[in-house]
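Worksheet: the structure to be examined is printed underneath.
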Amino acid sequence: MPATNGKFLLLICLLTLLCLAAVLLSLTSGSIDLGLGETWEALTSREATLQRQVILDLRLPRTLAALVTGGLLGLSGVIMQVLMRNPLADPYILGVSGGASAAALALLLTGASAIWIPQAAFAGALCSILLVFGLASAGGRWSVTRLLLTGVVVSAGWGAVINLLLASSATNTVQSMLFWLMGDLSQSRIGIWQMLILAAGMLVGLVVARQLNVLVRGELPALSLGVNVSRLRIVLYLTASVLTATAVTIAGAIGFVGLVIPHMLRLLGARDHRLLVPLAALLGGSFLVIADSLARTVIAPQQLPTGVVTALIGVPAFLVILRSTIRYH
């Protein structure tokens with residue numbers, strides 16, 4: 001047991017250092033490269049310099065947005081994979097991002113100000129959450145299979161709505177729509193309520209972590225150990241959905257974070273959800289900060305959608321994880 005605790009402590013320390021390194025990379029890299037000394041001076045000095053303006057007005061808000069968004073998606077991915085008992089489950093599997101995207105694109109199509117996009121996206125996500133939950137629990141026949149099928153169908157429906165909006169939109173608005181659909185942090189800003197939602201989601205995950213350890217083994221073992229599976233599933237669904245909805249309102253639909261991060265941590269030995277829940281938020285935030293830094297610098301001064309970079313990294317990473325898992329078993 002002491003050796004195991006030492007391994008977990010080492011993992012926590014390494015991931016914390018990775019997070020700090022990712023934040024430093026994000027603050028120092030871009031179309032204007034800044035050294036560590038210049039970055040520290042810009043953060044601490046009150047003199048109105050170009051470096052201070054770049055750090056405080058552009059890079060720091062974007063870095064915080066990436067950190068919180070990645071944490072939301074990583075945590076949601078852990079919860080969703082336990083809820084669905086499916087290793088391929090990700091935060092978007094139940095149509096939350098589809099509802100958010102459709103509402104945001106509808107707002108853009110009407111010519112309304114872009115500052116209302118987060119509110120419209122969150123409203124669309126909540127609509128999708130209630131729709132899936134209502135249909136899946138109709139008649140009191142709640143089950144994982146019913147929930148999954150309902151989510152897939154609703155997601156396909158939102159996809160049709162999104163395609164219709166894109167087909168009927170003016171040419172000058174299509175690019176902004178596509179960037180938002182692919183996941184983009186260039187205009188992202190966060191407030192205290194997004195941080196509070198991440199903290200609340202982590203708290204819920206830690207409270208039910210022991211029950212997650214049991215539920216992942218199957219419904220019957222969980223019932224035999226006194227777990228209220230029906231209530232737990234509702235809590236997990238609502239928690240994961242709100243976390244995903246919040247992430248989508250910040251940066252659009254950024255893929256692969258919620259899918260890859262839980263598998264990566266399990267491969268590193270973090271299978272206990274008391275450890276997996278906080279580490280998923282930490283590693284998810286670090287991963288997205290690094291991906292966003294690459295999106296800003298690979299073809300600078302032009303920028304790539306962050307979701308494209310996460311996909312380019314996530315696909316080979318998931319294949320490597322899958323190969324390692326097969327070899328392990």
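The values are calculated or read from the model by the stated rules, or taken from the named source; none is laboratory data. Computed from a predicted model, the values in this text were never measured in an experiment. Virtual Cβ from ideal backbone geometry, glycine too; neighbours counted across all protein chains shown.
Residues 93, 117: which one is hydrophobic (A, V, I, L, M, F, W, C) and crowded, with 24+ Cβ neighbours inside 10 Å?
That would be 93, the only listed residue that is hydrophobic (A, V, I, L, M, F, W, C) and crowded, with 24+ Cβ neighbours inside 10 Å.
Being part of a helix (DSSP H, G or I), under 26 Å from residue 15 (Cβ atoms) and either modelled with pLDDT of 85 or more or under 24 Å from the mean Cα position of the chain (by Cα) (or both), is that true of even one residue in segment 126-144?
no
Given the residues 42, 100, 104, which is the only one that is buried (at least 24 other Cβ atoms within 10 Å of the Cβ), over 23 Å from residue 281 (Cβ atoms) and touching a Ser or Thr at 6+ places or on another chain (Cβ under 9 Å)?
104
Is it the case, given these coordinates, that residue 307 is under 19 Å from the mean Cα position of the chain (by Cα), under 19 Å from residue 200 (Cβ atoms), surrounded by 24 or more Cβ atoms within 10 Å (Cβ to Cβ) and touching a residue at least 12 places away in the same chain (Cβ under 8 Å)?
no
Among the numbered criteria (1) over 20 Å from the mean Cα position of the chain (by Cα); (2) surrounded by fewer than 15 Cβ atoms within 10 Å (Cβ to Cβ); (3) closer than 27 Å to residue 308 by Cα, which single criterion is violated by residue 210?
Status for residue 210: all satisfied but (3).
Condition (residue is closer than 30 Å to residue 212 by Cα, of a type in the set (Lys, Arg) and in contact with a helix residue (DSSP H, G or I) (Cβ under 7 Å, 6 or more places away or on another chain)) applied to segment 72-86: is it met by at least one residue?
Looking for residues that are closer than 30 Å to residue 212 by Cα, of a type in the set (Lys, Arg) and in contact with a helix residue (DSSP H, G or I) (Cβ under 7 Å, 6 or more places away or on another chain), one finds at least one in segment 72-86, hence yes.
Contact list please: Cβ distance under 6 Å, first residue in segment 26-38 and on the phi < 0 side of the Ramachandran plot, second residue crowded, with 16+ Cβ neighbours inside 10 Å and not in a helix (DSSP H, G or I), pairs at least six apart or on different chains.
Sorted first by the residue in segment 26-38, then by its partner, the pairs are 28/34.
In the list 314, 269, which residue meets the criterion of being small (Gly, Ala, Ser), under 24 Å from residue 213 (Cα atoms), at pLDDT below 90 and surrounded by fewer than 24 Cβ atoms within 10 Å (Cβ to Cβ)?
Of 314, 269, the one residue that is small (Gly, Ala, Ser), under 24 Å from residue 213 (Cα atoms), at pLDDT below 90 and surrounded by fewer than 24 Cβ atoms within 10 Å (Cβ to Cβ) is 269.
How many residues does segment 196-230 hold that are at pLDDT 90 or above and assigned to a helix (DSSP H, G or I)?
19
Can you give me the number of residues within segment 38-94 that are farther than 30 Å from residue 216 by Cα and part of a helix (DSSP H, G or I)?
23
I'm trying to understand the selection: among the residues of segment 283-304, which are surrounded by fewer than 22 Cβ atoms within 10 Å (Cβ to Cβ), in contact with a Leu (Cβ under 7 Å, 6 or more places away or on another chain) and of a type outside the set (Val, Ile, Thr)?
Scanning segment 283-304 gives no hits.
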